[in-house]
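The values are calculated or read from the model by the stated rules, or taken from the named source; none is laboratory data. Quick caveat: nothing in here was measured; it's all calculated off a predicted structure. Reconstructed Cβ throughout: ideal geometry from the backbone, glycine too, with neighbour counts over all protein chains shown. These accessible areas exclude ligands, DNA and RNA; they are computed on the full protein's heavy atoms, side chains included. Shrake-Rupley method; radii C 1.70, N 1.55, O 1.52, S 1.80 Å.
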Amino acid sequence: MYAIIGAGPMGLCSARQLQKYGIPFVGFELHDNVGGLWDIDNPHSTMYDSAHLISSKHTTEFSEFPMASEVAPYPHHSEMCRYFRDYARHFGLDSHYQFNTRVVSLERQAKGWKLTSEQNGQTREWQFDGVLIANGTLHKPNRPNLPGQFEGELLHSADYRSPAIFEGKRVLLVGCGNSACDIAVDAVHRARSVDLSVRRGYYFLPKFLLGRPIDTFGGAIRLPRPLKQRLDAALVRALIGKPSDYGLPDPDYKLYESHPVVNSLVLHHLGHGDIKPRPDITGVDGRRVTFSDGRQAEYDLILQATGYKLDYPFIERSELNWPERAGAPQLYLNIFHPEYDDLFMMGMVEASGLGWQGRAEQAELVALYIRQHQAGSPAARSFQQLKRERAALRLDGGYQYLELERMAYYVHKDSYRASVARHSAELRKELASGGEVMTAHGMA
């Protein structure tokens, strides 16, 4: 019996893959329903009212469960929540979950893991052969200290839900990721003023090109990485110009070496003066903020859109092969522990265009490994040795990703999916040769 921690999309596709391969499991979820952060009514969600999917639906959906044709190319969060609930219902995953249940601790035993859960104030101990951790990567806000004491409102994007909080206020947004830009656009329509403090340069992409989602272009012709970076960067400049045209710093790195911002509306408002660009903050005194260019301004509200930190409070960091100064656990394919064969990190991976299907492929590899490891197959033994040797290997496709904490578990989509597919094929080949037949809901 295996435990799955989390009923967001990663937990659900992990459950689906264990189900397909006939591996019994129990799921644990803090909230009273599936959907994870996509359920805005989940107290642990960091969603906001205006949030939409950043990638388009056809590059994101599970291939075995396509989104309905009437769903917009970039669905609203409520549509995504409905999709994940329909997915869980369609495959009968809900009944496997313990809802309103917190995982208090995971402790390694001589064999397997002891999981302690808490539900309605009552604790319970469980014994599992293995654990799939799928509680997400966007729960613990990164709240950097300001250089001084701010006397107005100080929030993180995790606290943000509605633009009503901006009504009539002088607002400073710190950061320039996708959430920061979404929220800045929200604030324009309610705030007295909106400033955007940006420390480093970002690449901006429009959501649509020639009437199609931007992420549906490319891929038909494989280009050498340096050529692709140059050509795509030239196309972006031709479409929308350089960030410095809008008062923002230009990136000092190449395209795809950090996650781009898929938002051209923020550039529209910068170009119209609705949003004022600001450099990095160097000082805060009361409501007055000093920036690195020496200029000052006063604000009623500072909202830090400064990202999130990985957080697994129910297990010791040392159990995850997570060195103290590393931005993320050191795991092969961001999943497999070099020594443990019964602990899997699900969804600790980011890549442009990976989508939920890429994560489902990750989950299928885990299910295949569990099955074949239990059977003592040669392919599983070979993979066991390989994951020990390659735990620190990063599948970056040759891209020089920025040395940032948020990029510590970033991978190159094509390289990553190719490796997952190759390992899955090796394990699946042995499984098929054993005479077992796959059915829609498990093994026959």
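Check cross-link reach from LYS276 to the aspartates and glutamates: straight Cα distance under 19 Å, and skip same-chain residues fewer than eight apart. Hits, sequence-local ones excluded: GLU167, ASP182, ASP186, ASP195, ASP245, ASP250, ASP293, GLU298, ASP300.
Counting only alpha carbon atoms, the long axis of helix 77-90 and the longest principal axis of the chain meet at about 10°.
Using a probe radius of 1.4 angstrom, the carbon and sulfur fraction of the accessible surface of segment 82-127 is 40%.
When the solvent-accessible area of segment 248-375 is split by element, carbon and sulfur atoms take up 42 percent of it, the probe being 1.4 Å. Were the residues from ARG89 through LEU404 laid out at 0.36 nm apart, the gain over their Cα-Cα distance would be 109.6 nm. Of ALA233, ALA367, ALA72, the residue with the greatest mean-square motion in the GNM of the chain, using alpha carbon springs below 10 Å, is ALA72.
Using the Cβ-Cβ distance between ALA375 and ASN145 with R0 set to 60 Å, the FRET efficiency from 1/(1 + (r/R0)^6) comes to roughly 0.70. For segment 201-321, the ratio of Cα radius of gyration to the globular rule of thumb 2.2 N^0.38 Å stands at 1.39. Put simply, the amide H of GLY27, placed in the peptide plane, has neighbours under 5 Å in ILE4, TYR97, GLN98, leaving out anything fewer than 5 places away on its chain.
The modelled label-to-label distance between ARG390 and GLN109, using points 7 Å beyond Cα along the C-beta direction, is 3.3 nm. Sequentially through segment 11-17, phi angles give Karplus couplings (6.51, -1.76, 1.60; θ = phi - 60°) of x, 5, 6, 5, 4, 4, 6 Hz, Gly and Pro residues having no value and appearing as x. If you line up the long axis of helix 378-389 against the longest principal axis of the chain, both from Cα atoms, how many degrees apart are they, to the nearest 10? Relative to the chain, helix 378-389 is tipped by roughly 40 degrees.
In terms of the Cα gyration tensor, with a ≥ b ≥ c the square roots of its eigenvalues, is segment 1-91 rounded because a/c is under 1.5, prolate because a/b exceeds b/c, or oblate? Oblate shape, in that a/c is at least 1.5 and b/c is the bigger or equal ratio. Of all the options ASP232, ASP195, ASP274, the one that moves most in a Gaussian network model of the chain with Cα springs shorter than 10 angstrom is ASP232. Taking a Cβ cut-off of under 15 Å around TYR401, the surrounding Lys, Arg, Asp and Glu residues balance to a net charge of -1, with basic ones at +1 and acidic ones at -1.
In the context of the full protein assembly, THR290 retains an accessible surface of approximately 30 Å², using a probe radius of 1.4 Å and ignoring ligands and nucleic acids. The slack in the chain from ASP159 to GLU430, taken as 0.36 nm per residue of separation less the alpha-carbon distance, amounts to 92.7 nm. Excluding ligands, DNA and RNA, the accessible surface per residue across the chain is 45 Å² with a 1.4 Å probe. In this structure, ASP129 and SER415 have a Cβ-Cβ separation that, at R0 = 30 Å, corresponds to a calculated FRET efficiency of about 0.45. Spatially, segment 226-271 and segment 68-111 are offset by 35 Å when compared through their Cα centroids. Once the other residues with Cβ under 11 Å from the Cβ of TYR48 are scored (Lys, Arg +1; Asp, Glu -1), what is the net sum? Once positives and negatives cancel, what remains is -3. Among the DSSP beta bridges whose two residues both lie in the chain, what percent are antiparallel, rounded to the nearest 5? The answer is about 45 percent antiparallel.
Taking all protein chains as they are arranged and a probe of 1.4 Å, the heavy atoms of LYS228 leave approximately 60 Å² accessible to solvent. Rounded to the nearest 10 degrees, the inclination of helix 413-433 to the longest alpha-carbon principal axis of the chain is 10 degrees. Of the listed residues ASP293, ASP49, the order by accessible area with a 1.4 Å probe, largest first, is ASP293, ASP49. Roughly what percent of Cα-Cα pairs across the chain reach past 33 Å? For the chain, the share of Cα pairs beyond 33 Å comes to 39 percent. Largest GNM mean-square fluctuation among GLY152, GLY358, GLY307, using the chain with Cα springs under 10 Å: GLY152.
Positive contributions from Lys and Arg (+1) and negative ones from Asp and Glu (-1), summed over other residues with Cβ under 13 Å from the Cβ of PRO249, come out at -1.
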